[in-house]
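Undergrad: Sharing a structure here in structure tokens format.
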Amino acid sequence: MSYISVQDLAEGQAVISLIPLDREGLDAWRQTAPTRHANWLEQSGFKAAPGEVCALPAENGTLENWLFGTQDLGEIAQLAGLPARLPEGTYRLDSNWTREQRLQASLGWGLACYRFDRYKAGKKELPELLLDEDIDAETRKLCTAQCLVRDLVNIPTEHMGPQQLAVEVERIADSFDADFSSINGDDLLTRNFPAVHVVGRASHREPRLLQLEWGHEGPLLVLVGKGVCFDTGGLDLKPAAGMALMKKDMGGAAHALALASLVMANNLPVRLMLLIPAVENAVSGNAYRPGDVIATRKGLSVEIGNTDAEGRVILSDALTFATEHDPDLVIVFATLTGAARVALGPELPPLFSNREEISSGIQAAGLEVEDPLWTMPLHQPYNKLFESPIADLNNAGNTPFAGCITAALFLEHFVTPDTPWVHIDTFAWNPASKPGRPKGGEAQGLRAVFRYLESRYA
């Protein structure tokens, strides 16, 4: 993440200042600048336009500081364009910005320094940012969590199947002295998780229900993440183009795990339970079929209208299990529907909740930390769209309309009415690179939900 702390500075280590200026502030800065800098600035043509940079030399010819034009895209973008443009070295933000502004800008720097280079031979050295002491720990925690999501989503399924995902969950559990357990293969049937088993049984990689528990006092917070490590679509096979990014179909699990790590790292006063149904939706002789009627932990029968709507099927068992423990709040992350992207695009995840005060709180938190979400309705009349003549529910329904809403309504059947719950239909992917947001896996809604949880459990 290319950060350095004050206490880690070597004696005599050079630190170069980064000075933010807008067009109005540029004139004021000229009035107090040394003559050599004013003259240099005049010759360089620097106008403090968004994204513009200008190096200022010291008297001995070395770099003394850099000016950069401030952006109109929010605080998190202010420094995000700099790591790729600056030479190696140690830099510090020299500004009168508030703590929140410095936190967001410093986070943007770390996110911009992210590189998924696991499979590349060469490693490029990047400049490092000296973090102010009052934001050091928080910046690192947020950046680490967001980059965890990126890493898990970017790793190909060959190296991130259900077993490898279990290893990652256990690693996080061990680092925070949490309890980890996994129910594997046919034991899922014995322990009454039939929906998880039926989706994952076709793969040579055993389906699993991963569980992490932490904390002994406080309200119970349950995080649930969709862990479909690869989705072929099952017998309703996806075309090649539709399968190309399906390594990211465990993006919900990555989000839930990263959020769990933030809860534990910040010692929120809660009891935490993390549940991840981890499967590979594969094709083989024992794959579940369109038209099959399957059992769920809750006792509701589900007719399979589409084997490619598998995420909601495995989540049904996890949600039922979650509500059996009388939680204060259940939060679900899932790469659930393409309809969500049609409705809101790849950058704005839809948010569903059965409590308006929770959805509005998360949406407001998202605006605060520049991690936006948009509340969508649990429109009850749409329950008719996935009725079945032979089972309690159909997992897909018979219409192309309202796809992300009907998926959320399906999940709601497995949550008791008195349980506050949230569902976020995340894309978990940047389709194109932007400053601080490289193409590939991405955390969406993670920081927004954590900011809300901080306020809820303060």
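Undergrad: Would you point out which residue out of Val15, Val6 is in contact with a Lys or Arg (Cβ under 6 Å, 6 or more places away or on another chain) and either among the basic types (Lys, Arg) or touching a residue at least 40 places away in the same chain (Cβ under 8 Å) (or both)? Can you show your working first?
TA: Values: Val6 fails: in contact with a Lys or Arg (Cβ under 6 Å, 6 or more places away or on another chain).
One residue alone meets the criteria, Val15.
Undergrad: Checking Gly285 against (1) of a type outside the set (Val, Ile, Thr); (2) under 23 Å from Gly161 (Cβ atoms); (3) surrounded by fewer than 20 Cβ atoms within 10 Å (Cβ to Cβ); (4) touching a Lys or Arg at 6+ places or on another chain (Cβ under 9 Å): exactly one of these is not met. Which one?
TA: Failing condition for Gly285: (4).
Undergrad: Specify the residue that is nearest to the chain's Cα centre (by Cα); the eligible residues are those in region 83-114 that are aliphatic (A, V, I, L, M) and modelled with pLDDT under 95. Quick ask: steps written out before the conclusion?
TA: First pass over region 83-114, keeping only residues aliphatic (A, V, I, L, M): 84, 86, 93, 103, 105, 107, 111-112.
Cutting the leftovers down to modelled with pLDDT under 95 gives us 84, 86.
Numbers: Ala84: 23, Leu86: 28 Å.
It comes out as Ala84.
Undergrad: Still on this structure, please answer the following. Could you please find all residues in region 249-278 being crowded, with 24+ Cβ neighbours inside 10 Å and either modelled with pLDDT under 95 or charged (D, E, K, R) (or both)?
TA: The answer is Asp249, and nothing else.
Undergrad: Of all residues being surrounded by fewer than 18 Cβ atoms within 10 Å (Cβ to Cβ) and at pLDDT 95 or above in region 434-455, which is nearest to Leu79 (Cα to Cα)? Just the residue, please.
TA: Let us first name the residues in region 434-455 that are surrounded by fewer than 18 Cβ atoms within 10 Å (Cβ to Cβ), namely 434, 439, 454-455.
If we keep only those that are at pLDDT 95 or above as well, we get 439, 454-455.
Values: Lys439: 18, Glu454: 26, Ser455: 27 Å.
The extreme case among them is Lys439.
Undergrad: I'm checking my understanding of the structure. Among residues of region 130-140 that are buried (at least 16 other Cβ atoms within 10 Å of the Cβ) and of a type outside the set (Asp, Glu), which one is farthest from the chain's Cα centre (by Cα)?
TA: Step by step, filter region 130-140, then rank; the result is Leu130.
Undergrad: Name the residue, out of Leu275, Leu237, Leu268, that is closer than 23 Å to Arg150 by Cα and either in the same structural domain as Gly218 (by TED's automatic domain parsing) or polar (S, T, N, Q) (or both).
TA: Working: Leu237 fails: closer than 23 Å to Arg150 by Cα; Leu268 fails: closer than 23 Å to Arg150 by Cα.
Of Leu275, Leu237, Leu268, the one residue that is closer than 23 Å to Arg150 by Cα and either in the same structural domain as Gly218 (by TED's automatic domain parsing) or polar (S, T, N, Q) (or both) is Leu275.
Undergrad: Just name the residue that is surrounded by the most Cβ atoms within 10 Å (Cβ to Cβ) out of those in region 396-433 that are within 30 Å of Gly108 (Cα to Cα) and free of Cβ contacts under 8 Å to residues at least 40 places away in the same chain.
TA: Among those residues, the one meeting the criterion is Ser433.
Undergrad: Moving on to the next point. Would region 117-129 turn up any residue that is part of a loop (DSSP other than H, G, I, E, B), of a type in the set (Lys, Arg) and under 23 Å from the mean Cα position of the chain (by Cα)?
TA: If we filter region 117-129 for residues that are part of a loop (DSSP other than H, G, I, E, B), which is where we start, we get 117-127.
Narrowing the set further to residues that are of a type in the set (Lys, Arg) leaves 118, 120, 123-124.
Still in the running and under 23 Å from the mean Cα position of the chain (by Cα): 118.
Yes: region 117-129 contains one or more residues that are part of a loop (DSSP other than H, G, I, E, B), of a type in the set (Lys, Arg) and under 23 Å from the mean Cα position of the chain (by Cα).
Undergrad: Regarding region 86-106, can at least one residue be identified that is under 24 Å from Ala258 (Cα atoms) and hydrophobic (A, V, I, L, M, F, W, C)?
TA: Yes, because at least one residue in region 86-106 is under 24 Å from Ala258 (Cα atoms) and hydrophobic (A, V, I, L, M, F, W, C).
Undergrad: Against the definition (under 26 Å from Asp371 (Cα atoms) and out of contact with any strand residue (DSSP E or B) (no Cβ under 8 Å at 6 or more places or on another chain)), how does Glu138 come out, yes or no? First the steps, then the outcome.
TA: Details: under 26 Å from Asp371 (Cα atoms): yes; out of contact with any strand residue (DSSP E or B) (no Cβ under 8 Å at 6 or more places or on another chain): yes.
Criteria met by Glu138.
Undergrad: Quick check on my filter: what residues within region 179-213 are farther than 28 Å from Thr307 by Cβ and surrounded by fewer than 21 Cβ atoms within 10 Å (Cβ to Cβ)? Quick ask: steps written out before the conclusion?
TA: Filtering region 179-213 for residues farther than 28 Å from Thr307 by Cβ gives 179-181, 212-213.
Within region 179-213, Asp179, Phe180, Ser181, Glu213 meet the criteria.
Undergrad: Is it the case, given these coordinates, that Pro194 is in the same structural domain as Pro290 (by TED's automatic domain parsing) and either in contact with a Lys or Arg (Cβ under 8 Å, 6 or more places away or on another chain) or aromatic (Phe, Trp, Tyr) (or both)? Don't jump to the end; show me each part of the working.
TA: Details: in the same structural domain as Pro290 (by TED's automatic domain parsing): yes; either in contact with a Lys or Arg (Cβ under 8 Å, 6 or more places away or on another chain) or aromatic (Phe, Trp, Tyr) (or both): yes.
Yes: the conditions hold for Pro194.
Undergrad: Further question: Considering only residues that are aliphatic (A, V, I, L, M), in a helix (DSSP H, G or I) and under 20 Å from Thr323 (Cα atoms), which ones fall in region 402-448? Quick ask: steps written out before the conclusion?
TA: Pass one, region 402-448, residues aliphatic (A, V, I, L, M): 402, 405, 407-409, 411, 415, 422, 424, 428, 432, 443, 446, 448.
If we keep only those that are in a helix (DSSP H, G or I) as well, we get 405, 407-409, 411, 446, 448.
Once the filter is applied, which keeps residues that are aliphatic (A, V, I, L, M), in a helix (DSSP H, G or I) and under 20 Å from Thr323 (Cα atoms), region 402-448 yields Ala407, Ala408, Leu409, Leu411.
Undergrad: Looking at region 90-99, can you tell me whether even one residue there is closer than 21 Å to Leu142 by Cα, of a type in the set (S, T, N, Q) and buried (at least 22 other Cβ atoms within 10 Å of the Cβ)?
TA: So far as region 90-99 goes, no, none of its residues is closer than 21 Å to Leu142 by Cα, of a type in the set (S, T, N, Q) and buried (at least 22 other Cβ atoms within 10 Å of the Cβ).
Undergrad: Another one. From the list Pro346, Pro350, exactly one residue is farther than 30 Å from Asp177 by Cβ, in contact with an Asp or Glu (Cβ under 7 Å, 6 or more places away or on another chain) and of a type outside the set (Gly, Ala, Ser). Which is it?
TA: Pro350
Undergrad: Quickly run through region 214-223 and pick out the residues that are buried (at least 18 other Cβ atoms within 10 Å of the Cβ) and more than 22 Å from the chain's Cα centre (by Cα).
TA: Residues of region 214-223 buried (at least 18 other Cβ atoms within 10 Å of the Cβ): 214-215, 221-223.
Hit for region 214-223 is Gly215, nothing else.
The values are calculated or read from the model by the stated rules, or taken from the named source; none is laboratory data. Predicted, not measured: the structure shown is a model, and the values here were computed from it. Every residue, glycine among them, receives a Cβ derived from its backbone with ideal geometry; neighbour counts consider all protein chains shown.
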